[in-house]
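Engineer: Let me begin by handing over the structure; questions about it come next.
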Amino acid sequence: MANPTIQTLRATIARLVPEAMERAVQSYRGFVLSGGADGFDDPKKFKDHHAAGRSALAHLEVLLRLARWSTAGDAVVGGDREDEAALLAMVSDARQTLAALRGESPDGGPDGTVDEDAP
C-alpha cells in the first residue's frame, strides 16, 4: 500500500486536475480560434503559432497523465518508489511544457535557473 503522503497527494491532484484540464482546454480552444487573425504571411508567425499549439497539447497530455496517476489504485501503480518516480517524471514533463510555453529553456528560466515556486 502506498504511504499516506502519496495517497494524500493523489487525492489532492485528483481534485485539482479536472479544473486545470478545463482551463487548459479553454485556453487552447481560444488560442486555436484566434490563430490566423493576423494572417500567416510571415513564416515565423506561422511556425511560432504552431509551436505554441504543440506546447499547449503537451501540457494537456501531462495533465491527463497526472489524472491517470492520481486515480490509479495500488494494484495498478507499483509501490512507493514507483509512485515517486512516476510523479517526478510527470512534474519534470510539466515543468518542461511550462518552460516551452514561456519561451524559456527546458532547464529553467532564460538563464537556466529553476524557479521552485513556479507552477
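The values are calculated or read from the model by the stated rules, or taken from the named source; none is laboratory data. Keep in mind it's a predicted model, so treat the numbers as computed, not measured. Note that each Cβ is placed from the backbone with ideal geometry, even for glycine, and that neighbours are counted across all protein chains shown.
Engineer: Can you tell me which residue among Glu22, Glu61 is at pLDDT 85 or above and more than 20 Å from Glu104 (Cα to Cα)?
Structural biologist: Just one listed residue meets the conditions, Glu22.
Engineer: To continue, here is another question. Within the range 40-54, which residues are within 17 Å of the chain's Cα centre (by Cα) and loosely packed, with under 14 Cβ neighbours inside 10 Å?
Structural biologist: Ala51, Arg54
Engineer: Further question on the same structure: Kindly list the number of the only condition in (1) surrounded by fewer than 10 Cβ atoms within 10 Å (Cβ to Cβ); (2) part of a helix (DSSP H, G or I); (3) at pLDDT below 85 that fails for Ala37.
Structural biologist: Just one mismatch for Ala37, condition (2).
Engineer: Still on this structure: Identify all residues within the range 65-119 that are in a loop (DSSP other than H, G, I, E, B), at pLDDT 50 or above and closer than 20 Å to Ser27 by Cα; write none if there are none.
Structural biologist: If the condition is that a residue be in a loop (DSSP other than H, G, I, E, B), at pLDDT 50 or above and closer than 20 Å to Ser27 by Cα, then Gly103, Glu104 are the ones that fit.
Engineer: Another question, then. When the residues of the range 8-26 are filtered to those that are within 13 Å of the chain's Cα centre (by Cα) and touching a residue at least 24 places away in the same chain (Cβ under 8 Å), which remaining residue is surrounded by the most Cβ atoms within 10 Å (Cβ to Cβ)?
Structural biologist: Filtering the range 8-26 for residues that are within 13 Å of the chain's Cα centre (by Cα) and touching a residue at least 24 places away in the same chain (Cβ under 8 Å), the one surrounded by the most Cβ atoms within 10 Å (Cβ to Cβ) comes out as Val17.
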